[in-house]
1. Around ARG90, with a cut-off of 9 angstrom between Cβ atoms, what is the net charge of the other residues, counting Lys and Arg +1 and Asp and Glu -1?
2. Taking the Cβ of each residue in VAL100, VAL74 as the centre, tally the other Cβ atoms inside 10 Å and list the residues starting with the fewest.
3. Just in the stretch 133-205: which trypsin sites (Lys or Arg not before Pro) are loop by DSSP and have at most 14 other Cβ atoms within 10 Å?
4. If you add up the charges near TYR199, with Lys and Arg at +1 and Asp and Glu at -1, over every other residue whose beta carbon is less than 15 angstrom from its beta carbon, what do you get?
5. Compute the length gained on full extension between GLU215 and VAL74: take 0.36 nm times their separation in residues and subtract their Cα-Cα distance, giving the result in nm to one decimal.
6. With bins 10 Å wide starting at 0, give me the P(r) of the stretch 53-184 over every alpha carbon pair, in whole percents.
Amino acid sequence: MCDNHDHGRRDALKLLGAFGIVGLAGSVQASGHDSVGALIPGQGWVAASGETCPTEGTPLQFIPRTAPDTDPLVEELAKYPKCPYCGMDRKQWGHSRHLVQYDDDLVDGTCSIHCLALSLALNLDRGPKAIYAADYGSKDEIKPLVAADEATYLIGSALKGTMSKTSKMAFARVQTADTAKSEHGGKIGSFDDALAEAYLGMANDTVAIRKRRAERRRKMMRKKD
């Protein structure tokens, strides 16, 4: 594991590119720009570093960068403000955010079940101790987190998805999810159903995300010219 922050950022950029979340070499070549990096929400274009990491080629390069946390729900948004996989602000996307606490108390706070799926896929040797999802049905401005395996998900409704064309929103109460279904369509399912849908839609979602990020990149380059 690399302790150096620059190494961590570089690894994160590699990860984003590997999953197609941001445009790397392809979009750079298309824009005629020489630099390689990633378009990070809130930061703009972040150039990739050429530094190496001792754990490259192993699962260790992807482990959460924060210290072990035995009580991740305390000051959760302060400790985990940004999604490590797409860079999005978790408070802004608080209605769809998720959080996983692994069995070694390392924590990943993500913007969505889409990015949670990335975390779970990369941390195969790390068992989830607890997974939480925002209660979309809550009236609170900052939606509270509830145990994902106890939540009811509304899948494929007209509600806007986060990092995905197919919306997957969690509800603490089945009745609230049923009401949302009557208003917005979709189907009722469990966390496992929503996670499976996230993996099934990953290819199409990745293509769409890459196109959006590449277009933002081109607009940035036009403004600089």
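Values quoted throughout were computed directly from the atomic coordinates according to the rules given, and no laboratory measurement underlies them. Since the model is a prediction, treat every value here as computed from it, not as a measurement. Reconstructed Cβ throughout: ideal geometry from the backbone, glycine too, with neighbour counts over all protein chains shown.
1. Numbers: positive: LYS82, LYS91, ARG97; negative: GLU76, ASP89.
Cβ neighbours under 9 Å give a net charge of +1.
2. Result, fewest neighbours first: VAL74, VAL100.
3. On the way: sites: LYS139, LYS160, LYS165, LYS168, ARG173, LYS181, LYS187; in loops: LYS139, LYS160, LYS165, ARG173.
Counting only loop positions with at most 14 other Cβ atoms within 10 Å, the trypsin sites (Lys or Arg not before Pro) in the stretch 133-205 are LYS139, LYS160, LYS165, ARG173.
4. Numbers: positive: LYS165, LYS168; negative: ASP192, ASP193, GLU197, ASP205.
Every neighbour counted, the sum reads -2.
5. Using 0.36 nm per residue and subtracting the Cα-Cα distance, I get 47.0 nm.
6. Result, from short to long distances: 13, 44, 31, 10, 2, 0 percent.
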